[in-house]
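Participant: Structure incoming, see below.
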Amino acid sequence: MIEVCGNMITDLIQQDEQNETIKGQIDGFFDLLEERVLDVNPYCRSKLFQVYWKLLRYLVSDVLLSKVCHSNSRSADNAYVNCAFVVWKIKVVMSGGM
């Protein structure tokens, strides 16, 4: 489910026409992804950060950064390592280093 939401966001972002309906759908999928942050299964949290990483190719914004940082506050172990890497990569991309 996590990867499907990420793929749907990617498809919606790549559409030429960005209207309010599409933006609402993107927000809805991000909400579904954010719910997975609270999952007790570390695999789900890890997968979530992998999906965020893939979304960096299409969407680098404060919204994504804040979602990843918020996710970090509830994560542990491998999910934390993935989150730290994503946050670092976002900072590199936003500073123009990529």
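The values are calculated or read from the model by the stated rules, or taken from the named source; none is laboratory data. All of these numbers come straight from a predicted model, not from anything done at the bench. FYI the Cβ positions are ideal-geometry reconstructions off the backbone, even for glycines, and counts take in every protein chain you see.
Participant: From the list ARG45, ARG57, ARG36, which residue is surrounded by fewer than 14 Cβ atoms within 10 Å (Cβ to Cβ) and not acidic (Asp, Glu)?
Facilitator: Criteria check complete, one pass: ARG57.
Participant: Looking at GLU20, GLU35, can you tell me which residue is of a type in the set (D, E, K, R), more than 21 Å from LYS89 (Cβ to Cβ) and modelled with pLDDT of 85 or more?
Facilitator: Among GLU20, GLU35, only GLU20 is of a type in the set (D, E, K, R), more than 21 Å from LYS89 (Cβ to Cβ) and modelled with pLDDT of 85 or more.
Participant: How many of the residues in the range 12-21 are part of a helix (DSSP H, G or I) and surrounded by fewer than 14 Cβ atoms within 10 Å (Cβ to Cβ)?
Facilitator: Total meeting the criteria: 3.
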